[in-house]
Amino acid sequence: MRLTTLGTQGWIPTVERETTCFAVDEGRLLFIFDAGTGLGRLLRPPASQLLAGAHEIHLFLTHYHLDHVCGLAYLPAIFAGRTLTVHVPDASLNGVDPQRGVPELIRKPYNPHAWNEQPGLVLQTLHEGVNEVAGHEVRLRAQCHPDTTVAYRLDDLLVLATDTVADPQTASFARGVEVLLHESWIDGIEEDDPDSEELVRTTYLAHSSARQAAALAAQAGVGELVLMHLNPLRGEEYYAQMQASAREIFAPTFVYPDLHERALGG
Ligand SMILES: [Zn+2]
Ligand SMILES: [Zn+2]
């Protein structure tokens with residue numbers, strides 16, 4: 001399989017980076033995690049190739065904060081004439097009844113294309129623990145974030161954990177996977193800066209630092225840590241510093257640009 005970063009930014013897209021969206025494909029099978037603005041990259045080369053080759057497409061949502069679902073407004077442009085299975089956590093995980101809550105995200109008059117006017121959309125509910133999707137094991141667990149989010153594990157290939165505080169249980173959830181995609185909001189310098197005390201305090205309530213993500217990656221024994229959901233109020237130099245902070249704890253840490261490709265599963 002292959003991982004492609006379609007959106008690596010948190011909250012607000014920038015010229016270089018779209019908000020959260022990751023593709024994992026196996027030629028005819030395409031998995032997409034989160035529907036941030038990065039979903040729009042599927043319309044243009046090089047990411048449009050992922051779509052061209054796909055016969056079966058599954059989209060997995062972590063939570064309903066707008067930076068992770070605004071791509072739902074793009075569905076008629078990207079997936080017209082196709083079947084798209086949208087997987088969401090069941091109500092026991094986040095308190096939202098999917099059959100009511102998900103169509104609400106794109107309902108009129110806030111979006112011109114309502115859910116039930118798009119015949120190709122199939123809504124699937126996933127439960128905590130192991131689910132089987134297209135011959136793969138997809139595991140979910142609730143993560144702590146204002147309005148609960150879930151982390152996804154795909155086979156032994158990858159874990160995606162955003163938006164989340166640094167949760168010690170993420171390490172056992174991600175044990176031994178090839179790639180851990182974990183959010184990162186602050187670098188080590190800011191984390192240690194007494195003048196940034198308030199920022200650090202609020203970050204710990206909803207998000208993670210680069211070093212916290214690295215500690216989890218080390219504990220989990222993953223092959224590689226990818227920092228993502230990057231803070232849009234900072235820039236590339238800062239992200240390089242995040243990578244450096246994390247590498248002090250876990251050497252194989254990377255901040256990739258959008259549209260980076262990486263093989264998964266040998
Ligand atoms: Zn977010
Ligand atoms: Zn969020």
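Laboratory data are not the source of any read-out in this text; all were calculated from the coordinates shown. Just so we're clear, the structure is a prediction, and the values are computed from it rather than from any experiment. Virtual Cβ from ideal backbone geometry, glycine too; neighbours counted across all protein chains shown.
Just a few scattered comments:
- Helix 236-247 vs. the chain, principal-axis angle (Cα, 0 to 90°, nearest 10): 70 degrees
- DSSP beta bridges in segment 2-258 [antiparallel fraction, %, rounded to 5]: 45 percent
- Charge context of residue 27, other residues only, Cβ under 12 angstrom, K/R +1, D/E -1: -1
- Folded to 0 to 90 degrees: helix 210-220 orientation relative to the chain principal axis, Cα: 80 degrees
- All-pairs Cα distance distribution in segment 2-258, expressed in whole percent, bin size 5 Å: 1, 6, 14, 18, 20, 18, 12, 7, 3, 1, 0
- Remark on segment 88-191: Rg and Dmax equal 16.1, 50 Å (Cα only).
- Within the chain, longest stretch free of exposed trypsin sites (Lys or Arg not before Pro) [DSSP loop, at most 15 other beta carbons within 10 Å]: 108-174
- Charged neighbours of residue 193, selected by a Cβ distance under 14 Å, balance to -4 (K, R count +1; D, E count -1).
- Sum of side-chain charges, residue 137 neighbourhood, beta-carbon under 13 Å (Lys, Arg +1; Asp, Glu -1): -1
- Extension gain, residue 196 back to residue 122 (0.36 nm per residue minus Cα-Cα distance, nm): 22.1 nm
- Taken over segment 136-266, the convex hull of the Cα atoms encloses 104 Å³ per residue.
- With contacts taken as Cα pairs under 8 Å and at least 6 residues apart, segment 2-258 reaches a relative contact order of 16 percent.
- Summed over qualifying helices (DSSP H, 4 residues or more, each -39500 (n - 2.57)) and divided by its residue number, the chain shows a 222 nm mean residue ellipticity of -6500 deg cm²/dmol.
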